[in-house]
Amino acid sequence: MKRTTLFIPEDLERDLQAFARREGKPVAWFVREALTEYVAERRQATRLPSFAGIAAGDATDVAERHEALLWAQPHDEPPTTARRAPARRKRR
């Protein structure tokens, strides 16, 4: 663990000290918990969805296989009701 110094308003520090005494835990524990939650929440907000970049590469049938591709990522198994797209007609 690394030690750091924080500058916080006096009233917040007073409230934090009182809260720590009531709970019987060190102030540092509450600060670590609060920072962990804050950073985790911010990290989640900036993550791309699991399907981002799914079409990157040389595959040419991504549009036809979109259900299978999107389903497999969160479920790690193929969908049970995959429908096949109708064949395209060639124009003359």
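The values are calculated or read from the model by the stated rules, or taken from the named source; none is laboratory data. Bear in mind that the values here come from a model prediction, so they are computed numbers and not experimental data. For neighbour counting, all protein chains shown are included, and Cβ atoms are generated from backbone atoms with ideal geometry for every residue, glycine included.
A few points about this structure:
- Residue in the stretch 37-58 that is out of contact with any Asp or Glu (no Cβ under 8 Å at 6 or more places or on another chain), acidic (Asp, Glu), modelled with pLDDT under 70 and exposed (fewer than 10 other Cβ atoms within 10 Å of the Cβ) present: no
- Of the residues PRO79, PRO26, PRO9, the single one that is modelled with pLDDT of 90 or more and surrounded by 10 or more Cβ atoms within 10 Å (Cβ to Cβ) is PRO26.
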